[in-house]
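Data block below; observations after.
The values are calculated or read from the model by the stated rules, or taken from the named source; none is laboratory data. Quantities reported herein were computed from a predicted structural model and do not represent experimental measurements. Reconstructed Cβ throughout: ideal geometry from the backbone, glycine too, with neighbour counts over all protein chains shown.
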Amino acid sequence: MEHKQLDVVEYKQQDDEIDLFELFSSLAQQWRWVVGITVLGMLLSITIALLISKQYEVSTQVAVPDAADVAAVITRGYGKQTTKSLFVEYYENLNSAEELHQFIKVGRWLEKLYPEKANSASEAEMFSSLSDNLSITLLAPIKEKGVANSPAPDLLAITLWSKDEKVAANFLNDYVEEINSRVLEKLRLNGQLSRDFEVEKTQTEMTLLRNNAKKIRLLAIQKQESANEEKIKKLTQTIDLLTNKYELDTQSKLLGLKEALNIAQVMKVKTPKTIESFAKNNSKPMSTDINITTKSREDLFLMGSDYLKSRIKVIESRQNKALYIKEISVFKKQIEEARNDVTLAALKARKSDDPYIAELPALLKKLDKLQKLSFDFTGVKLYRLDKKAIADGKAEKPKRALIVVIGSVLAFFSAVFVALIMGAVKRRKEA
């Protein structure tokens, strides 16, 4: 019994061992299966490779433009633009899904790129396919590791996978041109709006300055008029006081002359006399309480009654007494100058205060510069075409030779596997 068990174990061990000769012999016996399946797989691979549509990878490259290419935007537009900032704005619009959707809608590119789906697929589905096949890659500068934000682009590659290489090339070339035109149009519209706002702001500032200058001038006129009126009143009052004083002095003088006349008449002095002559002509010695000497010639009665009468008559006959006050002519001249103030007349006659506003020349220069902006961006390119999209006829997909090779290899191994199984089944039946 133990001997039989040992035989069974030894038989099983021998059965588990792989005999290479037997293996290859079995494959040789099943060569029809190996050849048939391999050939079938090869034919199937060739069929699949031929049935798969060609896929073309079309690309174009755009770079930062030269400063001369965007000089028109910088000089004729409004805003602080640089060559780099303009290219960044161009890049952002290239990446905009909204701009892409509008571009393909206007040019009906979905029907051109996917004619087989035009009737079966929706516009959203075709647009999704286009978005998946279209890519914009930053070629330079290369983003550094650990840096969160992408650097400002210097060189971009726009790539599109498509079955129609020519349509794809036209799409890319038209796309970079159309985005350029749209960005320029946005710059023009936004620049004009900003310019108009700045013009309005500058004009408002100029209006405020002019109104302020006018108010200052009117206040200066009022102040000067008030000062002149006050001056005239003071001068007129001074003249009145001088006139009144002169009147009082005249009355006082007349009173003195009349008293002297009475004395002269009493003393019977008709013509001017000196004290000495007056003493000689009188036989009787003079008796008076006042000693009259030759130094008292200021006594008016000595002038004689004739002179005193004439003097009184002349004084009483004066019509324009102001002519006899020297100061009055000076004051009247000052009154006339105040009434005909040249500075005040110039302020009133001034038609424009612009020459007297210090800030106005700079604002006028700024306004003139703003109004001369033409926003003519004709011929301006916000990119430099580094590589144009072309149709060279070389399909990137499918790799037909590779498909046939891989398919044939897979078919061969499948055939070997099938042949081994068939040989094992046959041997088991024979056993």
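Provide a single number: the residues in segment 304-360 that are hydroxyl-bearing (S, T, Y) and closer than 29 Å to L241 by Cα.
4
Using the structure shown, decide if K54 is under 16 Å from D164 (Cα atoms) and of a type outside the set (S, T, Y).
Criteria met by K54.
Residue by residue, here is whether (1) touching a helix residue (DSSP H, G or I) at 6+ places or on another chain (Cβ under 7 Å); (2) closer than 30 Å to D69 by Cβ holds:
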position: L344; (1), (2): yes, no
position: L347; (1), (2): yes, no
position: D354; (1), (2): yes, no
position: I357; (1), (2): yes, no
position: L364; (1), (2): no, no
position: D368; (1), (2): no, yes
position: V380; (1), (2): yes, yes
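Within segment 370-393, is even one residue within 30 Å of the chain's Cα centre (by Cα) and in a helix (DSSP H, G or I)?
Within segment 370-393, one or more residues are within 30 Å of the chain's Cα centre (by Cα) and in a helix (DSSP H, G or I).
Tell me which residues, restricted to segment 142-197, are assigned to a strand (DSSP E or B) and farther than 30 Å from A71 by Cβ.
Within segment 142-197, T159, L160, W161, S162 qualify.
Given the conditions (1) among the hydrophobic types (A, V, I, L, M, F, W, C); (2) assigned to a helix (DSSP H, G or I); (3) surrounded by fewer than 14 Cβ atoms within 10 Å (Cβ to Cβ), which single one is not true for V409?
In the conditions (1) among the hydrophobic types (A, V, I, L, M, F, W, C); (2) assigned to a helix (DSSP H, G or I); (3) surrounded by fewer than 14 Cβ atoms within 10 Å (Cβ to Cβ), V409 misses (3) alone.
Quick grid of which residues meet (1) farther than 16 Å from E327 by Cα; (2) of a type outside the set (G, A, S); (3) at pLDDT 95 or above:
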residue: L235; (1), (2), (3): no, yes, no
residue: I239; (1), (2), (3): no, yes, no
residue: T243; (1), (2), (3): no, yes, no
residue: E247; (1), (2), (3): no, yes, no
residue: S252; (1), (2), (3): yes, no, no
residue: L255; (1), (2), (3): yes, yes, no
residue: K258; (1), (2), (3): yes, yes, no
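Which members of segment 391-400 meet the condition of being out of contact with any helix residue (DSSP H, G or I) (no Cβ under 6 Å at 6 or more places or on another chain) and at pLDDT 70 or above?
Passing the criteria: D392, G393, K394, A395.
Look through A157, A118, A124 and report the one residue that is surrounded by fewer than 18 Cβ atoms within 10 Å (Cβ to Cβ) and in contact (Cβ under 8 Å) with a residue 24 or more places away in the chain.
A157
Return the only residue of I335, I328 being among the β-branched types (V, I, T), in contact with a Lys or Arg (Cβ under 9 Å, 6 or more places away or on another chain), more than 30 Å from E57 (Cα to Cα) and in a helix (DSSP H, G or I).
Just one listed residue meets the conditions, I335.
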